[in-house]
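Here is the structure we will look at.
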Amino acid sequence: MTIDKPRLGVFKFSSCDGCQLSILDCEEELLDLADRMNIVFFHEAQTTFEPGPYDVALVEGSVSTEAEIERTKAIRAQTLFFVPFGVCATHGGIQAQKNYADVEEYKRVVYARPDLVASLPTSKPHHDYVKVDFELQGCPPNRFQLMAVISQLLLGRTPSVSTNSVCVECKRRGNVCVLVARNLPCMGPVTHDGCGALCPSLDRDCYACFGPMDDPKSARFAEELRMREFSPLDIVHRFRKITPNPDVFNKGAELYEREADQS
């Protein structure tokens with residue numbers, strides 16, 4: 001069943017705003033979207049905002065404060081389709097590196113008044129706190145995938161996007177494998193597609209900015225990197241760089257974490 005002129009809200013949590021900018025980058029598609037939806041809450045693009053309820057909520061950024069826990073629950077309660085987009089929202093983002101550090105020590109070193117910093121010791125995705133209806137990965141998300149997801153929601157369909165690895169995109173583009181040919185620590189075999197294999201197409205190794213693909217076999221890939229003589233510390237950094245929070249990536253990092261700590 002389609003929704004007649006549904007209400008769209010775009011919300012920011014702990015993030016850099018890049019995912020919201022990916023919506024604005026849609027340009028002509030965004031104009032078409034504005035004809036089909038009432039965009040009632042979008043700080044990056046508007047100066048007036050309307051309260052809920054919302055038919056679709058696009059949620060950028062991770063949950064990193066107590067206030068954000070309450071806020072994501074409040075948005076969820078008044079939203080029909082709750083869609084975190086971008087790896088901060090779906091996996092905790094680069095700020096989830098603090099999940100493996102002493103946050104209180106960081107606050108003491110960096111801030112003159114650490115008692116004023118209202119930060120949780122962890123950065124987590126929204127699905128840790130509320131029910132989500134769909135997640136779109138990426139840093140930032142692929143704008144064409146984003147428009148496809150919104151269009152599918154408008155048609156009353158369950159959204160879907162490709163769940164292949166970046167390696168599939170490399171094959172489609174005819175790229176030479178930088179892992180095999182140049183022995184670069186490319187994360188393409190375990191990373192969700194959607195970027196168009198941007199880094200390998202520029203003869204650089206993928207650093208997993210789109211987060212883990214479905215069932216990435218991270219531990220096995222970590223062993224492959226070790227066989228290629230990458231250090232335990234390099235391997236841990238690879239799995240905990242851009243999307244360090246997911247359990248599936250942790251299986252790769254944890255395999256060599258003790259050795260990395262001793263190096």
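Every number here is computed from the coordinates shown, using simple stated rules; none is lab data. Not measured: the values here are computed from a predicted model. As a convention, Cβ positions derive from the backbone with ideal geometry for all residues, glycine included, and neighbour counts pool all protein chains shown.
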If I take every Cα pair under 8 Å that is 6 or more residues apart in region 7-154, average their sequence separation and divide by the length, what percent do I get for the relative contact order? 28 percent
Could you list Phe230, Phe144, Phe221 in order of exposure, starting from the residue whose Cβ has the fewest other Cβ atoms within 10 Å? Phe144, Phe230, Phe221
Between region 155-207 and region 45-103, the Cα center-to-center distance that results, in Å: 27 Å
Given R₀ = 30 Å, FRET efficiency for Gln46-Glu66 by Cβ-Cβ distance, to 0.05? 0.65
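Starting with the highest mean, order 87-98, 59-70 by the number of other Cβ atoms within 10 Å, averaged over the residues of each peptide. Before the final figure, lay out each step's value.
On the way: 87-98: 26.0, 59-70: 21.5.
Ranking, from highest mean packing down: 87-98, 59-70.
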Within the set Lys107/Lys131; Lys98/Lys131; Lys171/Lys241; Lys5/Lys241; Lys73/Lys217, which residue pairs have Cα atoms separated by over 29 Å? Lys107/Lys131; Lys5/Lys241; Lys73/Lys217
Apply 1/(1 + (r/R0)^6) to the Cβ-Cβ distance of Leu233 and Arg108, taking R0 = 30 Å, and write down the FRET efficiency to the nearest 0.05. 0.75
For region 74-226, give the magnitude of the charge dipole about the Cα centre (Cβ charges: +1 Lys/Arg, -1 Asp/Glu; no others), in debye to the nearest 20. 240 debye
Gaussian network model of the chain, Cα within-10 Å springs - most flexible of Arg240, Arg143, Arg157: Arg157
For each of Phe49, Phe134, count neighbouring Cβ atoms within 10 Å of the residue's Cβ, then give the residues from fewest to most. Phe49, Phe134
Tally Lys and Arg at +1 and Asp and Glu at -1 over the other residues with C-beta under 12 Å from the C-beta of Cys88: what net charge comes out? -2
Quick one: 3J(HN,Hα) in Hz for region 215-232, Karplus 6.51/-1.76/1.60 with θ = phi - 60°, rounded, Gly and Pro as x. 6, x, 6, 4, 4, 5, 5, 4, 5, 4, 5, 5, 4, 8, 6, 7, 6, x
Between Arg258 and Arg204, how many nm apart are label points set 7 Å from Cα along the C-beta direction? 3.6 nm
